[in-house]
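The values are calculated or read from the model by the stated rules, or taken from the named source; none is laboratory data. Computed from a prediction, not measured in an experiment: that's the story for all the values here. Cβ coordinates were reconstructed from backbone atoms using ideal geometry, including for glycine residues, and neighbour counts include every protein chain displayed. We work out accessible area using only protein heavy atoms, side chains counted, and drop any ligands, DNA or RNA first. Shrake-Rupley method; radii C 1.70, N 1.55, O 1.52, S 1.80 Å.
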Amino acid sequence: MSAAWREARVVLQRGMTKPRPIRLTRRAATTFGLAALAAPAAAASSADARFEALGVRGLDQLTHLSPISATLLGDHRFDADLDDLSAAGRARANAARRALLRAFEAFRPSDLSRANQVDLILVKRFLASELWTSEVLQDWAWDPQIYSSAAGQALYGPMARDFAPRPQRIRSAIARMEALPRLFAQARAELQPDRVPRVHAETVARQNIGVLAIVGQMILPYAGELPAGDQARLKAAEATLRTAVVEHQAWLDKTLAPNAKGDFRLGAKLYDAKLAFALSSPLSRAEIRAAADHALVETRAEMYAVSLSVLADTPGAPTGPERPDPATQQKVIEAALELVVSDHPPREQLFDAARAAVGEAEAFLRSHQIITMPDTPLEVIVMPAFQRGAAVATCNPPGPLERHAKTFLNISPIPDAWTAAQAESFLREYNRLSLHDLGIHEAMPGHYVQFWHANRYPSTLRSVLRSGSFVEGWGVYAEDMMSKVGYLGDDPRFRLQILKNRVRSITNAIIDQMVHVDGVDRETFMRFLTVDAFQQEREAAGKWTRAQLSSAQLPTYFVGVTEHDALRAEAERRAGSAFDLKTYHDKVLSYGSPPGRYVRQLMFDEPIA
């Protein structure tokens, strides 16, 4: 999954303090080679000018509230400060959001350019979503991940990228280390144990120590680069922080976790409201479920056909008719998948194999006319400890104000506490071909490439307001596309692995509803994923945890790729024999990362709605 999407929401949830003015400029269309991207007129209308000016002021006001998010955006003048996550800070944020929403609601869409009509929809929906999240969902009272993420990002943000000399960045981190005890105290004051789900409390209890890991791995080894006075300050700050982390750990272990009585299930009313905000799709929960159920049947049928090809030269392999009964279909697919999942790297070589797969995909893309490739660096790293517990891999791109900086592909290591059987289950899920699939989705040409294109969009407002369904849908689309353009030599085993992961994206949409609305139990959940979706036990168990910790994010994969597939089909229909894959990909990604419906409307000159 993309960490960037989640962080993009943090950007305006918390904001930054008096950032430099954010220019919402429009680059010449030749930057992208597409005349359709030019400004709608040589001189913007008065309404457009007022809208863009409000966008600048709005970002300034919202980001004024969060130095942590300022760092993520790429504004580093306030790297020494921390967010105010108290009730008073939350009230200030909501007042700013409400005032901005009223100001944006004063615009008539018909007075704006088509591009600004889209941005108006996005910013109004975003502000409404944040107010709903704070005032109705009230996640600040029951989700400790909000506070643990803020604490980790507070230190990781200044140290991860070389935007300034290291001593300068360390001094900023020291100031935040000195202030973090206040953030921990705010978490203890705001969280209500009887509303906190136990799985949330236990997850954060495991993550908490990761803050000290950042200090130990990214700050202390370079203390010698500081003047003596700063070294002394660092030593004192580290001692203060260590005491605060230990104190907070004791509260997590002895107060929060034992008394965590909250229900991790949102229920239909909250879930449907959150789903509408998350997807920006006209589809209802019931329509998404019906579409996913149908897609699961169709994709399993394709898996069966490919499996027969995979098993064709395998002695003793099961065979079946063109139209099998359910038992035969299951048996044939499982037999073919066994040839895929059994070929995996040893535990100690998993990370190197993943990095090699990313490199192979990049080499293929740079030697083929498929998409314009980035000119910024990508580094594959072990996922920081404070981010572990939900996703196996995440992409962490630079913010829109720091677009030329490095992107990180984070891969979570196999936990040391896992048994050999558990590690084997994980390795079978993330076999050699699956690692290629993962590298495609997260990087080549998935999130890394897509975010690079998005950060080139002229409007910083659009760059900040990223759509999760567009981002994750592109990642799934990229997997399917690469399996059809000759990557890995059209190996049918790779196509089977791609289809297995397509089933994963489909069932993501199903299980999210099963957990948060239908009340599914763990046993039924695990049977559905291990049998119907062919997942290994460790993957299914991890998804059970993830589905409890998050909501309305898992459907973004299926809804997003459905939109991408439809967009590609329509583009091919319109272009006919003139369709060019690279031109299409570059154009789709040239609009930033709005929901797919708006990309379609912009591309095909349809009404913005």
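Tell me, rounded to the nearest percent, the portion of alpha carbon pairs in the range 468-507 spaced more than 13 Å apart.
Beyond 13 Å sits 50 percent of the P(r) for the range 468-507.
Determine how large the accessible area of D375 is when every protein chain is in place; take a 1.4 Å probe and give Å² rounded to the nearest 10.
It works out to around 120 Å².
Suppose a student asked you for the relative contact order of the range 79-215, using Cα pairs under 8 Å spaced at least 6 residues apart; what percent would you report?
Value for the range 79-215: 39 percent.
Which lysines does K124 reach when only Cα atoms under 20 Å apart count, and residues fewer than 8 places away in its own chain are ignored?
Here the lysines satisfying the reach criterion relative to K124 are K274.
Only residues of the range 153-175 count here: report those whose backbone N is under 15 Å from the spot 7 Å along Cα→Cβ of K235, or say none.
none
Between F604 and R574, how many nm apart are label points set 7 Å from Cα along the C-beta direction?
A separation of 0.7 nm, rounded to one decimal place.
Hey, rough spin-label estimate for E334 and A213, points 7 angstrom out along Cα→Cβ, what's it come to in nanometres?
So the label points at E334 and A213 sit 3.6 nm apart.
Can you give the FRET efficiency to the nearest 0.05 for A223 and I381, using r as the Cβ-Cβ distance and R₀ = 35 Å?
Here the calculated transfer efficiency is 0.95.
Taking the C-alpha atoms of the chain, how large are the radius of gyration and the largest Cα-Cα span, Dmax, in Å?
Final numbers for Rg and Dmax: 24.1, 77 Å.
Once you order the gyration tensor axes a ≥ b ≥ c over the Cα atoms, which shape class does the range 511-551 get: rounded for a/c under 1.5, otherwise prolate or oblate by comparing a/b with b/c?
Oblate.
If I take R0 = 30 Å and measure r between the Cβ atoms of S342 and E287 in this structure, what FRET efficiency does the formula 1/(1 + (r/R0)^6) give, to the nearest 0.05?
Step by step, r from the Cβ atoms, then E = 0.20.
Hey, rough spin-label estimate for D565 and A88, points 7 angstrom out along Cα→Cβ, what's it come to in nanometres?
Those two pseudo-labels are separated by 5.3 nm.
Restricting things to alpha carbons, tell me how big the range 322-379 is in terms of Rg and Dmax, in Å.
Cα radius of gyration and Dmax of the range 322-379 are 18.0, 50 Å respectively.
List the residues of the range 573-591 whose backbone N lies under 13 Å from a point placed 7 Å from the Cα of R114 along the Cα-to-Cβ direction.
591
Just the accessible area per residue of the chain, please: how many Å² with a 1.4 Å probe?
38 Å²
What value, in deg cm²/dmol to 500, does the helix sum -39500 (n - 2.57) over DSSP H runs of n ≥ 4 give at 222 nm once divided by the residues of the chain?
Here the helix-only value at 222 nm equals -19000 deg cm²/dmol.
What share of Cα pairs, in percent, lie more than 17 angstrom apart in the range 206-259?
It works out to 44 percent of all Cα pairs.
Can you pull the Rg over Rh of the range 131-230, Cα-only, Kirkwood?
Answer for the range 131-230: 1.06.
Cross-link partners among aspartates and glutamates for K331, C-alpha distance below 15 Å, same-chain residues fewer than 8 apart left out?
Partners found: E302, E322, D532.
I'd like to know which of Y457, H585, L180 lies farthest towards the positive end of the charge dipole of the chain, counting +1 on Cβ of Lys and Arg and -1 on Cβ of Asp and Glu.
L180
Just need the Rg to Rh number for the range 59-197, please, alpha carbons only, Kirkwood Rh.
Rounded to two decimals, Rg over Rh is 1.03.
Give me the percent of Cα-Cα pairs in the range 258-379 that sit more than 23 Å apart, rounded to a whole number.
The calculated P(r) of the range 258-379 puts 66 percent of pairs beyond 23 Å.
Take every DSSP beta bridge with both residues inside the chain and express the antiparallel ones as a percent of the total, to the nearest 5.
Here the antiparallel bridges make up roughly 40 percent for the chain.
Please name whichever of I288, Y304, H248 sits farthest to the positive end of the charge dipole of the range 236-305, dipole taken about the Cα centre and charges placed at Cβ: Lys and Arg +1, Asp and Glu -1.
It is H248, whose Cα lies furthest towards the positive end.
Compute the Cα gyration tensor for the range 457-609, then decide on rounded, prolate or oblate, letting a ≥ b ≥ c be the square roots of its eigenvalues: rounded whenever a/c is under 1.5, prolate when a/b is larger than b/c in the other cases, and oblate in all that remain.
Since a/c reaches 1.5 but b/c is at least a/b, the shape of the range 457-609 is classed as oblate.
Is there a quick way to get the dipole size of the chain? I mean about its Cα centre, with the Cβ of Lys and Arg at +1 and of Asp and Glu at -1; what is the value in debye to the nearest 20?
In total the dipole reaches around 1860 debye.
Grab the alpha carbons of the range 191-310, take their convex hull, and tell me the volume per residue in Å³.
233 Å³
Taking +1 at the Cβ of each Lys and Arg and -1 at the Cβ of each Asp and Glu, which of A390, M444, A405 sits farthest along the dipole of the chain towards its positive end, judged by Cα position relative to the Cα centre?
Of the candidates, A405 comes out farthest on the positive side.
Could you list the square roots of 5 times each eigenvalue of the Cα gyration tensor of the range 368-452, that is, the equivalent ellipsoid semi-axes, sorted largest first and rounded to whole Å?
The answer is 27, 17, 8 Å, longest axis first.
Using a Förster distance of 56 angstrom, determine the FRET efficiency expected from the C-beta separation of A268 and D352, and round it to 0.05.
E between A268 and D352, to the nearest 0.05, is 0.80.
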